[in-house]
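Q: Sharing a structure here in structure tokens format.
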Amino acid sequence: MNLALTDTQQALREEFRSFVQTELLPYANDYDKQGFIPMELIQKLGARGYLGATLPEAYGGRNMDQVSYGLLNEEIGSACSSTRSLITVHSSLTAETILRWGTREQKDKWLPLLATGASLAAFGLSEPDAGSDTAGIKTTYQVTADGYTLNGVKKWITFAQTAHLFVIVAQGEQGITAFLVERDTPGLTVKPLEGILGTRASMLGEIHLDDCHIPAENLFGRKGWGLQQIVNTALDNGRYSVACGSLGIARACLEDSIRYAKNRRSFGQLLKDHQLIKQKIANMVTEVKAASLLCRNAGYLRDKKDPDSIIQTSLAKYHASRMANNIAAEAVQLHGALGCHDSISIQRYFRDAKVMEIIEGSTEIQQILIADHSIAGLSTIL
Amino acid sequence: METPTQAGPRVIIREFLQKRIGQDVQFADTEDIFQLGLVNSLFALELVVFLEKSFDIAVENEDLNLDNFRSVSNMETFILKKKGK
Ligand SMILES: Cc1cc2nc3c(=O)[nH]c(=O)nc-3n(C[C@H](O)[C@H](O)[C@H](O)COP(=O)(O)OP(=O)(O)OC[C@H]3O[C@@H](n4cnc5c(N)ncnc54)[C@H](O)[C@@H]3O)c2cc1C
């Protein structure tokens with residue numbers, strides 16, 4: 001296993017960093033307060049190829065490998081988890097899954113639009129009464145003469161407020177099945193969802209499907225294989241994005257903490273010179289490094305298309321999201337009252353980190369997956 | 001990739017399944033591992049990636065039929081068919 005970055009990957013990381021420094025970090029707290037990210041930012045992400053990072057050039061994508069894509073998620077996530085969550089749902093959950101399982105027609109129609117951000121995509125799985133228990137969804141599909149009719153409600157859908165294309169997972173005669181649903185489908189309405197703890201600018205919405213008629217060609221994947229094929233692929237892709245995004249949050253907390261410790265005085269010393277603060281920093285940096293290696297390892301295995309990449313991605317997501325929560329809490333502590341105030345980013349990182357433990361398979365769901373794998377055989381994990 | 005097919009897909013498939021299901025769990029080549037409840041929710045995804053990588057095939061939309069994956073023998077038949085043998 002070689003976890004060193006290639007020259008190309010290093011250069012990409014520099015590119016992402018400079019974009020984030022100038023275009024994202026200075027505005028992220030405002031986006032969080034106002035509860036949305038502006039269209040101009042989304043256009044810039046599209047123009048840079050960040051919304052189609054891993055798509056092949058033939059579709060207008062940037063054809064990045066997974067390690068590089070992980071770096072993109074880390075860098076964007078270090079500044080603004082709401083923007084990172086757009087990349088997660090648009091690129092990882094939807095575009096990459098269409099690339100994997102879409103028909104030729106679906107790919108030709110959607111991927112060029114998604115690659116540039118001309119169309120935005122969102123993923124509708126969760127419902128008011130079903131989250132972790134994906135098989136418990138109640139949205140239904142019915143077969144009609146020329147397609148399908150969908151009925152139900154999807155809740156907590158990231159970027160539902162702006163997306164043009166939704167993947168909707170529904171239950172029907174042949175089991176759980178996924179569909180591509182366009183925003184202007186009659187019967188589809190989106191209600192903005194306010195008041196979320198973290199990723200506050202991620203424009204959550206509730207999607208109401210009221211006798212929505214979907215043409216036959218918008219069936220996504222095989223009937224009855226919606227969970228195994230579409231949802232599993234999408235969540236695996238999404239977990240990688242969230243793992244790297246969590247790493248980004250933690251690294252930002254650590255960087256800000258070190259900067260603060262070098263400037264703030266207490267009891268006649270700089271914070272950095274207090275032993276207990278040194279201990280905090282040593283623990284933070286060790287945790288960040290461990291998560292970084294897990295993310296890099298997952299990216300490396302994903303690039304090799306190794307079947308162990310799936311459990312290793314789960315491991316990276318599990319560790320990185322919990323670690324981000326610990327580090328963000330420590331960073332608030334280290335900043336004292338200032339850490340609790342919205343004039344700086346730390347309180348936002350603290351709120352955003354909690355969301356990472358809930359989305360793309362909660363901490364408890366990862367624990368079940370990782371434990372089951374370990375019990376069957378440790379060799380896939382260690 | 002000629003080598004793995006020469007070794008016999010059955011051997012390679014079984015080795016992978018035992019690794020995922022547990023070395024100590026017994027099941028016959030013809031038994032339905034899904035029906036026996038031996039596999040978790042991530043397994044179908046891992047299996048597809050494994051088959052593609054080990055046998056140099058592309059599992060496509062239309063290949064997703066449980067009959068292709070339910071047992072070691074069925075998977076072997078599926079691989080041989082995909083390889084045109
Ligand atoms: C900011 C945000 C954005 C989101 N974006 C999207 C999106 O774009 N698309 C989408 O489809 N969904 C989205 N979601 C929903 C998210 O996927 C769900 O919240 C998640 O799957 C958990 O489901 P739940 O909230 O219904 O909790 P539940 O499944 O009800 O779980 C409640 C608690 O019980 C635990 N639990 C559940 N089952 C078990 C078990 N078997 N053993 C032990 N513990 C268990 C869970 O880990 C959790 O702690 C988003 C959520 C948030 C907060």
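Q: In percent, how large is the relative contact order of region A:122-225, given Cα pairs closer than 8 Å and 6 or more residues apart?
A: Answer for region A:122-225 is 32 percent.
Q: Once the mean 1/r over all distinct Cα pairs of region A:7-120 is inverted, what Kirkwood radius in angstroms do you read off?
A: One decimal place: 14.2 Å for the Kirkwood radius.
Q: Quickly estimate the mean residue ellipticity at 222 nm for the protein assembly as shown, helices only: each DSSP H run with n ≥ 4 gives -39500 (n - 2.57), and the total goes over all residues, rounded to 500.
A: -16000 deg cm²/dmol
Q: Given the options A:SER345, A:SER266, A:SER132, state which has the largest fluctuation in a GNM of chain A using a 10 Å cut-off (strictly under) for Cα springs.
A: A:SER266
Q: Between B:GLU46, B:GLU15, B:GLU62, where does the largest GNM mean-square fluctuation fall for chain B, given springs only between Cα atoms within less than 10 Å?
A: B:GLU62
Q: Using each residue's phi in region A:312-321, evaluate 6.51 cos²θ - 1.76 cosθ + 1.60 at θ = phi - 60° and report the 3J(HN,Hα) Karplus result to the nearest Hz, with x for Gly and Pro.
A: 5, 5, 4, 4, 5, 5, 4, 5, 5, 6
Q: While we're here: Expressed as cubic angstrom per residue, what is the convex hull volume of the alpha carbon set of region A:206-300?
A: It comes to 163 Å³ per residue, whole-number rounded.
Q: Restricting things to alpha carbons, tell me how big region A:197-258 is in terms of Rg and Dmax, in Å.
A: Final numbers for Rg and Dmax: 18.0, 56 Å.
Q: Right, next: Using alpha carbons only, how many angstrom separate the centre of region A:164-211 from the centre of region A:36-100?
A: Rounded to whole Å, the Cα centres lie 20 Å apart.
Q: Then there is this: Compare B:THR30, A:THR134, A:THR6 by solvent-accessible area with a 1.4 Å probe and give them largest first, with all protein chains kept in place.
A: The ordering from most to least exposed comes out as B:THR30, A:THR6, A:THR134.
Q: Let me ask something else about it. Can you give the extra length, in nm with one decimal, that the chain gains between A:GLN275 and A:ASP129 once fully stretched, where that is 0.36 nm per residue apart less the Cα-Cα distance?
A: 47.7 nm
Q: Let me ask something else about it. Kindly sort A:LEU219, B:LEU45 by accessible area of their heavy atoms, largest first, with the probe set to 1.4 Å.
A: Descending accessible area places them as A:LEU219, B:LEU45.
Q: Okay, next question. At 1.4 Å probe radius, can you tell me the per residue accessible area of chain A in Å²?
A: 40 Å²
Q: Which residues of region B:41-60 show a drop of at least 30 Å² in accessible area when all protein chains are present, compared with their chain alone (probe radius 1.4 Å, heavy atoms only, ligands and nucleic acids excluded)?
A: B:SER41, B:LEU42, B:ALA44, B:LEU45, B:GLU46, B:VAL49, B:LYS53
Q: Tell me which residues come under 5 Å, amide H to amide H, from A:TRP156 once H is placed; ignore anything under 5 positions away on its chain.
A: A:GLY205
Q: Here is a further query. Please list the three semi-axes, largest first and in whole Å, of the ellipsoid equivalent to the protein assembly as shown, using sqrt of 5 times the eigenvalues of its alpha carbon gyration tensor.
A: Working from the Cα gyration tensor, I get semi-axes of 38, 28, 20 Å.
Q: At a 1.4 Å probe, what is the % contribution of carbon and sulfur to the accessible area of the protein assembly as shown?
A: Carbon plus sulfur share of accessible area: 52 percent.
Q: For A:LYS138, go through the lysines and keep the ones whose alpha-carbon is under 20 Å away, minus same-chain ones fewer than eight residues off.
A: Output for A:LYS138: A:LYS154, A:LYS155, A:LYS191, A:LYS223.
Q: Please give the peptides A:321-327, A:35-41 ranked by average Cβ packing (other Cβ atoms within 10 Å per residue), highest first, as a rough proxy for protection.
A: Going from most to least packed, we get A:321-327, A:35-41.
Q: Counting only the heavy atoms of the protein chains, how much of A:ASP372 is accessible to a 1.4 Å probe, in Å² to the nearest 10?
A: 70 Å²
Q: Out of residues 5 or more away from A:PHE220 or on other chains, whose amide H comes under 5 Å of its own, with H placed 1.01 Å from N in the peptide plane?
A: Amide H neighbours of A:PHE220, under 5 Å, 5+ apart: A:ALA178, A:PHE179, A:LEU180.
Q: Next question. Could you grab the relative contact order for region A:7-120? Cα pairs under 8 Å, six or more apart, rounded to a whole percent.
A: Relative contact order comes out at 32 percent.
Q: Counting partner chain Cβ atoms within 10 Å of every residue's Cβ in A:308-317, what's the average?
A: 2
Q: With solvent modelled as a 1.4 Å probe, how much accessible area in total do chains A and B shield from it at their shared surface, in Å² to the nearest 100?
A: Counting both chains, the buried surface is close to 2100 Å².
Q: Turning to a different aspect of this structure: Pop out the ³J(HN,Hα) list for region A:350-363 in order, Karplus 6.51 cos²θ - 1.76 cosθ + 1.60 with θ = phi - 60°, rounded to Hz; leave Gly and Pro as x.
A: 4, 6, 5, 4, 4, 4, 4, 7, 10, 7, 6, x, 5, 3
Q: How long are the semi-axes of the equivalent ellipsoid of region B:9-84, defined as square roots of 5 times the Cα gyration tensor eigenvalues? Whole Å, largest first.
A: 19, 13, 12
Q: Select from region A:214-233 all residues whose loss of accessible area on going from the chain by itself to the full protein assembly reaches 40 Å² or more (probe 1.4 Å).
A: For region A:214-233, once contacts with the other chains are taken into account, A:ARG222, A:TRP225, A:ASN232 lose 40 Å² or more.
Q: Given springs between every Cα pair under 10 Å in a Gaussian network model of chain A, which of A:GLU14, A:GLU105, A:GLU127 has the largest fluctuation?
A: Checking each option, the largest mean-square fluctuation is seen for A:GLU105.
Q: For region A:241-256, what does the Karplus curve 6.51 cos²θ - 1.76 cosθ + 1.60, with θ = phi - 60°, yield as ³J(HN,Hα) per residue in whole Hz, taken in order and with x for Gly and Pro?
A: 4, 5, 4, 5, x, 5, 4, x, 4, 5, 5, 4, 4, 5, 4, 5
The values are calculated or read from the model by the stated rules, or taken from the named source; none is laboratory data. Computed from a predicted model, the values in this text were never measured in an experiment. In this analysis, Cβ positions are derived from the backbone assuming ideal geometry, glycine residues included, and neighbour counts consider all displayed protein chains. Calculation scope for accessible area: heavy atoms of the full protein, side chains included, ligands and nucleic acids excluded. Shrake-Rupley method; radii C 1.70, N 1.55, O 1.52, S 1.80 Å.
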